[in-house]
Structures are given as C-alpha cells and as structure tokens.
Amino acid sequence: MNELPWWKKSVVYQIYPKSFNDSNGDGIGDLNGITEKLDYLANLGVDVLWLNPIYQSPQVDNGYDISNYRAIEPQLGTMADFEQLLAAAHDRHLRIILDLVVNHTSDQHPWFKAAQSSVSDPHHDYYIWKQPVDGHVPNNWGSSFGGSTWEYQADLSEYYLHLFAKQQPDLNWENPQVRQEVYDLMRFWLDKGVDGFRMDVISLISKDPTYPDGPVIQGKAFGSYYAGAANGPKVHDYLQEMHQQVLADYDIMTVGETPHTTAKQAQLYTGAGRNELDMVFHFDHMHLDYGTYGKFSTNRFKLVDLKAVLARWETTLAQVDGWNSLYWSNHDQPRAVTRFGDEGQYRVRSAKMLGTVLHMLQGTPYIFEGEELGLKNVHFETLSDYNDLETHNIYRELTEDHHETPEAAMAAIYLHSRDNARTPMPWDGSLQGGFTSGQPWLKLNPDHDQINAAQDLANENGVYHYYQQLIKLRHEEPLVTSGVFELLAPDDPDLFIYLRKGEGETLFVAGNFTATPKTWTVPEALRNQAATVLLANTTIDSALGQTLTLPPYGAVVYKLQ
Ligand code: TEU
Ligand code: CA
C-alpha cells in the first residue's frame with residue numbers, strides 16, 4: 001500500500017490574523033502575534049495552519065482585496081516577520097498554508113489601475129470588461145455583497161465584472177498572461193517554503209462566455225451569477241495547467257474553496273489522477289438553514305438533512321479516491337456551537353460532540369480559531385459595532401428593500417453575520433481578553449470574561465483538552481483516515497451514528513444533537529462486548545450492548561473488534 005500523503009493525516013487550524021493576537025497594541029492581530037502563540041497551537045496538536053490573506057490590501061474585504069501579492073499587509077507585519085513565523089512554525093513541525101485569492105484583485109492593484117487607464121493598455125484584458133447592452137448592464141447578475149456585479153466606467157464606456165465588492169474586480173482567466181502571473185506568484189511563496197494554498201472561490205474562475213442571466217429569486221432585485229460563473233467550462237483545464245506548471249513540483253497541500261459545487265462535480269476537482277486539487281470546501285451543509293433571503297435567515301438545520309449531506313460527500317468522493325475537507329465553521333460562518341450545537345447549558349458538551357462527529361469522518365478536519373474553546377456567536381447591540389461589509393449591506397437590504405423591522409434584521413445578523421467568527425480571540429478574562437493592550441479593531445464578545453482560553457485550558461474537562469484527544473486519535477488510529485464510511489439510522493432526527501469499517505475492526509461513532517437523553521437499539525450485528533471506548537464526552541458503557549444511551553449532546557467513539 002502506498003504511504004498516505006501527509007495532509008490525509010493532518011488537522012488544519014485556521015487563523016484569521018486580524019483577530020488572533022495583537023503583538024504591538026494597535027488593536028489589530030498580526031504575524032508576530034501568531035508567532036507568540038505557536039506553542040498554544042503546537043500543544044493543541046494541529047499539523048497545519050491556514051492563514052487568511054496576509055498580503056498588502058486596502059482591507060475593503062479584510063484582505064480578500066489584494067493590491068500586491070508579493071508584499072505583506074503592513075498592519076500585519078513585514079516580510080521578515082512572515083519568514084520568522086514560517087521558520088518558527090516549521091521548528092515545531094507546524095506547516096503553514098496561505099490563502100490564494102486569484103479570482104479577483106483589489107481595484108488598487110497596479111494591474112487594475114493600468115487596465116482602467118485605457119482600453120488599449122496591455123493590462124486592460126487582465127480583467128473582464130463588457131459594453132453596455134441597450135444602454136444597460138450586460139446581464140442581471142447580483143454581487144455577493146449587494147448591487148449588480150457590473151460597475152460602469154464612463155470614460156471607457158465599459159462595465160467591469162466584480163462577483164464580490166466593486167473594489168474586487170474579477171481577473172480574466174481566459175488571458176494566458178493572467179494565468180502566468182498567478183503561477184509566478186504561487187512559486188514566489190512556495191519557494192519561500194509555504195506548505196500549500198487554500199484557494200479562494202476557485203470554482204468561479206472560468207465564466208460562461210455567453211454570460212447568461214441567472215434565475216431571480218422572488219423579491220430579489222438581481223439574478224444569481226452561479227449558473228454562469230461556477231464550475232465554468234474551463235475551470236478544470238486551468239487547474240490541470242496550474243498543477244502541471246506549479247503544484248506538481250512541490251510537496252504541498254491544496255484545498256479549493258468551491259461555492260456552488262456538488263459532490264459529483266467535486267469528483268473532478270479531487271479525484272485521484274485528476275491532477276487538480278487535494279480537496280475542496282463545499283457548502284452543502286452550510287445551506288441547510290438558508291431561508292427566503294439566503295443565509296440571513298433564522299431557520300435551524302435539520303439533522304436528517306445534515307447527515308444526508310455529509311454522507312453523500314463521504315461516499316461520492318470515496319468512489320474516486322478523492323478526499324473531503326471537514327468543517328463546521330470558518331471566518332465567513334457563524335460559530336459552530338450556536339449553529340449546530342447548544343450555546344447555553346450544553347455549550348461545552350455540544351462543542352465536544354460536534355468535534356467528535358466531524359473529526360471521525362473521512363477527510364481533513366479544519367478547526368476555526370476559537371472552536372477549540374467552544375466560542376459562541378456575538379450579539380452587538382448596535383449595527384455600528386459590526387465591521388463586515390456584508391453585514392452592513394444585508395441590514396440595508398433587509399430593512400429598506402424587504403421592509404423587515406430592524407429587530408428582524410438584527411436577529412438574522414446575530415445568527416449569520418461573518419463578524420460572529422471574527423471577534424478577537426479571548427485569551428484570558430481581562431478587559432480586552434489579552435488580545436490587545438490597545439483598542440481592538442472589532443469588539444470582543446462581551447462574554448470573554450467567562451469564556452476564554454485561560455479558563456478553558458485550566459479545566460481538564462474543557463473543550464481544548466478534548467480537541468487534543470481528537471487530534472491525537474487521528475494521528476494514532478489508522479481507521480480514522482482509512483475506514484470505510486457507513487451511515488446508520490439515516491432517518492433518526494436526533495442521533496448522528498456512523499461506522500468507519502476496516503478489516504476485522506470498526507469505529508462506531510455516535511453523537512446526540514439534542515438537549516434530552518436518547519436511546520437507540522443497537523443492531524444485533526454491532527453488539528460488541530469487546531468494544532473499547534476511544535473517546536467520549538460523557539461517562540458511557542464500556543461495551544456496546546443492546547441499547548446505546550447518550551445524555552444531552554453526548555458523543556462516543558467505540559472501537560469494535
Ligand atoms: O468567500 C466566498 C463565498 O463563497 C462567499 O459567497 C461567502 O459565502 C461570503 O462570505 C458570503 O457570505 C470567500 C472568502 O472566504 C470571503 O471571506 C471573501 O469575502 C470572498 O471569498 C471574496 O474573496
Ligand atoms: Ca498589531
């Protein structure tokens with residue numbers, strides 16, 4: 001048997017640099033702040049750190065608008081700081097992967113400035129420009145952050161495309177020079193020693209050349225761009241070219257962020273022998289609580305749907321020897337305990353339960369900063385305490401366009417604002433949580449006097465110590481990487497139960513997603529007196545008998561032999 005690539009046995013920890021740790025008191029987390037916390041991360045046991053964008057940026061979208069791909073954002077530090085961080089991480093056997101944001105640049109990038117200067121400038125064709133159609137925008141696409149995806153530039157009599165903010169013009173991947181620029185900048189970082197990339201919205205880089213109108217959801221002013229921009233006609237050609245020209249030369253990991261991609265389509269991105277990406281982030285489980293206005297809804301997911309989604313991804317990718325990315329949250333999503341668990345009485349236990357059922361799946365788990373402490377969503381009273389452009393746009397849309405009350409708009413924001421994930425890390429219970437000695441760029445969650453790293457670590461039953469065990473289990477138990485996934489009890493509305501089958505031994509994983517005890521009749525074939533408990537967030541029978549009873553938000557991993 002071939003040796004597994006290192007990233008199949010790895011756990012990734014995602015760092016949102018602005019919110020992780022501020023080393024110089026300006027209120028903004030920075031690279032030296034990360035270096036200071038490497039022992040905290042190494043002690044947790046993770047293998048890889050993914051840093052959200054650290055490049056020079058006007059920060060319209062917190063670094064996802066890049067004006068220089070080869071420079072460090074001054075707010076975060078210097079190139080020397082980065083090199084020191086990378087070396088210090090490598091010393092501790094921690095790898096670092098960077099965010100590669102190449103669907104779009106900042107409008108302040110020199111390429112775009114040149115592109116805007118004249119239609120005959122060689123950089124003009126680095127971006128996507130269209131003539132007005134009957135004096136109007138070329139199609140009905142609405143941008144992710146509100147308004148049309150098309151911005152008119154009167155002196156050129158052309159529109160440029162921006163799927164995200166208007167300060168984030170889309171690059172024209174049809175142009176081979178653009179692709180060469182991307183490959184060159186990738187080599188720049190790989191040659192410095194970075195260990196891979198998380199590729200931002202990589203499923204959107206190839207647009208349908210006919211730019212078709214998208215379907216309009218009732219009450220919405222714009223159509224969806226996905227039909228004409230997601231998984232476009234050349235996306236696999238581009239990724240195979242990138243693989244051949246860059247990726248193949250390095251021992252690295254790649255994870256594509258692929259909005260609007262089904263498991264079947266993901267076979268093409270991650271299947272063995274495709275020579276594209278190692279794994280992708282899908283959104284199917286993120287969409288289970290969407291409502292009339294998309295993500296800004298107050299719906300709650302249903303466990304039966306969640307299980308169906310996760311099981312489909314496990315099975316579909318296994319068919320082609322592909323690989324899953326496993327995550328509950330990231331910098332764009334709410335906190336996991338609030339969304340999928342219980343942020344009240346059972347916060348700690350439900351955080352551990354969520355960790356258990358996620359980390360025992362086949363794939364590479366991603367821990368978003370603070371998830372290892374069971375952090376929950378924030379409720380700021382006033383809109384002005386929120387920083388994220390999406391939050392401000394949606395408040396305006398909900399209250400002005402859809403005539404929702406301010407209270408209803410805030411209720412959706414409390415559940416789904418991206419700032420839920422972006423409040424600074426609470427390291428201790430002091431005034432600014434030990435995050436900064438100055439004024440933080442975004443307020444800390446006011447609960448940080450109760451919920452913070454110092455108090456969680458001091459508790460041997462805290463979330464951090466449980467995550468240590470989960471990570472250790474991945475490193476030590478081969479079934480966690482290799483066992484064949486099988487979902488049990490798909491229709492049970494409360495319990496998530498599955499197997500990871502090997503030869504002569506099997507992992508049995510179960511989690512209770514409710515605040516009441518639940519009992520399940522164990523199928524005869526699985527009853528096992530020789531079972532061992534590999535991990536549990538509660539006291540539990542050592543054997544797997546006729547019935548399994550899990551307390552509220554209880555979870556267990558048995559090994560059956
Ligand atoms: O997000 C892409 C994405 O899929 C968005 O639609 C995402 O759901 C967004 O946060 C809306 O809620 C990536 C990054 O993760 C995000 O932070 C960036 O803002 C975006 O790309 C543009 O670069
Ligand atoms: Ca700082």
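Residues that are within 16 Å of ligand 1 (Cβ to nearest atom) number at least 2 in the following helices (runs of 4 or more DSSP H) confined to the range 391-458: 406-416, 419-422. Of everything in the range 243-300, what is of a type in the set (D, E, K, R) and part of a loop (DSSP other than H, G, I, E, B)? Give them in sequence order. Once the filter is applied, which keeps residues that are of a type in the set (D, E, K, R) and part of a loop (DSSP other than H, G, I, E, B), the range 243-300 yields D251, R274, E276, D278, D284, D289, K295, R300. If only residues of the range 27-53 that are within 22 Å of G438 (Cβ to Cβ) and of a type in the set (S, T, N, Q) are counted, the one that is farthest from ligand 2 (Cβ to nearest atom) is N52.
Report whether or not R349 is buried (at least 22 other Cβ atoms within 10 Å of the Cβ), basic (K, R), over 27 Å from F222 (Cβ atoms) and within 16 Å of ligand 1 (Cβ to nearest atom). No; evaluated as a whole, the condition is false for this residue. Within the range 54-69, the residues that satisfy the criterion of being surrounded by 16 or more Cβ atoms within 10 Å (Cβ to Cβ) and away from ligand 2 (no atom under 16 Å from the Cβ) are Y55, V60, D61, Y64, D65, I66, S67, N68, Y69. Residues in the range 510-531 include none that are of a type in the set (S, T, Y) and under 18 Å from L473 (Cα atoms). Answer yes or no: is there a residue in the range 8-20 that is assigned to a helix (DSSP H, G or I), away from ligand 2 (no atom under 16 Å from the Cβ) and out of contact with any Cys (no Cβ under 6 Å at 6 or more places or on another chain). Yes; the residues of the range 8-20 include at least one that is assigned to a helix (DSSP H, G or I), away from ligand 2 (no atom under 16 Å from the Cβ) and out of contact with any Cys (no Cβ under 6 Å at 6 or more places or on another chain).
Across the range 299-330, which residue is nearest to L277 (Cα to Cα) among those that are within 16 Å of ligand 1 (Cβ to nearest atom) and in contact with a strand residue (DSSP E or B) (Cβ under 7 Å, 6 or more places away or on another chain)? The residue in question is S325. Can you list residue pairs whose Cβ atoms sit under 8 Å apart, with the first residue in the range 1-18 being modelled with pLDDT under 95 and the second being surrounded by 22 or more Cβ atoms within 10 Å (Cβ to Cβ)? Count only pairs 6 or more apart in sequence or on different chains. Going by the 8 Å Cβ cut-off, there are no qualifying pairs.
Residues that are surrounded by fewer than 21 Cβ atoms within 10 Å (Cβ to Cβ), of a type in the set (D, E, K, R) and free of Cβ contacts under 8 Å to residues at least 40 places away in the same chain: does the range 123-132 have at least one? No. Can you name the residue in the range 30-55 that is within 16 Å of ligand 1 (Cβ to nearest atom) and in contact with a Phe, Trp or Tyr (Cβ under 8 Å, 6 or more places away or on another chain) and is also farthest from P440 (Cα to Cα) among such residues? The extreme case among them is W50. Could you list, in sequence order, all residues of the range 70-100 that are surrounded by 14 or more Cβ atoms within 10 Å (Cβ to Cβ), on the phi < 0 side of the Ramachandran plot and in a loop (DSSP other than H, G, I, E, B)? Answer for the range 70-100, where residues must be surrounded by 14 or more Cβ atoms within 10 Å (Cβ to Cβ), on the phi < 0 side of the Ramachandran plot and in a loop (DSSP other than H, G, I, E, B): E73, Q75, L76, T78, L94.
Looking for something in contact (Cβ under 8 Å) with a residue 60 or more places away in the chain, within 18 Å of I15 (Cα to Cα) and either crowded, with 22+ Cβ neighbours inside 10 Å or hydrophobic (A, V, I, L, M, F, W, C) (or both) - is there at least one such residue anywhere in the range 389-398? Within the range 389-398, none of the residues are in contact (Cβ under 8 Å) with a residue 60 or more places away in the chain, within 18 Å of I15 (Cα to Cα) and either crowded, with 22+ Cβ neighbours inside 10 Å or hydrophobic (A, V, I, L, M, F, W, C) (or both). Quick check on the range 442-451. Is at least one of its residues surrounded by fewer than 16 Cβ atoms within 10 Å (Cβ to Cβ) and free of Cβ contacts under 8 Å to residues at least 40 places away in the same chain? The answer is yes; a qualifying residue exists. Just one of the listed residues (N175, N231) is buried (at least 18 other Cβ atoms within 10 Å of the Cβ), in contact (Cβ under 8 Å) with a residue 24 or more places away in the chain and either within 25 Å of Q131 (Cβ to Cβ) or within 16 Å of ligand 1 (Cβ to nearest atom) (or both), and it is N231.
Of all residue pairs spaced 6 or more apart or on separate chains, none has beta-carbon atoms under 6 Å together with a first member in the range 145-158 that is within 16 Å of ligand 2 (Cβ to nearest atom) and a second member that is at pLDDT below 95.
Going by what's in this entry, would L156 be described as assigned by TED's automatic domain parsing to the domain that holds L100 and either touching a helix residue (DSSP H, G or I) at 6+ places or on another chain (Cβ under 6 Å) or over 23 Å from T391 (Cα atoms) (or both)? Answer is no for this residue. Inclusion of L354 among residues that are of a type outside the set (S, T, Y) and under 23 Å from T298 (Cα atoms) is warranted.
No other residue among I367, I413 is under 25 Å from Q75 (Cα atoms), crowded, with 23+ Cβ neighbours inside 10 Å and in contact (Cβ under 8 Å) with a residue 24 or more places away in the chain apart from I367. Scanning the range 1-24 for residues that are touching a Leu at 6+ places or on another chain (Cβ under 6 Å) and of a type outside the set (F, W, Y) yields I15, P17.
Taking the range 289-319 as the range and being in contact with a Lys or Arg (Cβ under 8 Å, 6 or more places away or on another chain) and surrounded by fewer than 18 Cβ atoms within 10 Å (Cβ to Cβ) as the test, the residues that pass are F301, T316.
In a residue-by-residue description of the range 327-342, the property of being free of Cβ contacts under 8 Å to residues at least 24 places away in the same chain and farther than 26 Å from W7 by Cβ applies to no position.
The values are calculated or read from the model by the stated rules, or taken from the named source; none is laboratory data. As the structure is a computational prediction, the values presented were derived from the model and not from experiment. Please note: Cβ atoms are built from the backbone with ideal geometry, for glycine as well, and neighbour counts cover all protein chains shown.
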